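The values are calculated or read from the model by the stated rules, or taken from the named source; none is laboratory data. Just so it is clear, the model here is predicted, and its values are computed rather than measured. Note: ideal-geometry Cβ built from the backbone for every residue, glycine included; neighbour counts use all protein chains shown. When the accessible area is computed, the model is the full protein with side chains, heavy atoms only, and any ligands, DNA or RNA have been set aside. Shrake-Rupley method; radii C 1.70, N 1.55, O 1.52, S 1.80 Å.
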Amino acid sequence: MYWTLELASSLDDAPWPATKDELIDYCSRSGCPDVVIENLQELEDDGEIYESIEDIWPDVPSSDSDYFFNADEY
């Protein structure tokens, strides 16, 4: 399973909070890339409710500072 910002953005309008099956259904209906559905299918199916993409991809960049190299720091 791998995530990119582009793949994660496919879930921006997902019906949070949601179960794994609800997210897969949303992606199927909304035309998300196949790899997003494959990533969701790889999640353990223990009935967990996911509140946001952070529950699925804990390392998702959370601010603009995560995206850009800051030359002033070096």
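Spin-label pair Asp25-Ser9: with each label point 7 Å from Cα along the Cα-Cβ axis, the two points sit 2.8 nm from one another. The largest accessible area among Tyr26, Tyr50, Tyr2 belongs to the first residue in Tyr2, Tyr26, Tyr50, and the rest follow in falling order (1.4 Å probe, all chains).
Label reach from Asp59 (point 7 Å along Cα→C-beta): in segment 9-27, amide nitrogens under 20 Å belong to 9-11. Taking amide H as placed 1.01 Å from N in the peptide plane, the amide H of Thr19 sits under 5 Å from that of Tyr50, each at least 5 places away or on another chain.
Would you work out what percent of the accessible area of segment 14-53, with all protein chains in place, is carbon or sulfur (probe 1.4 Å)? Exposed carbon and sulfur together represent 44 percent of the surface.
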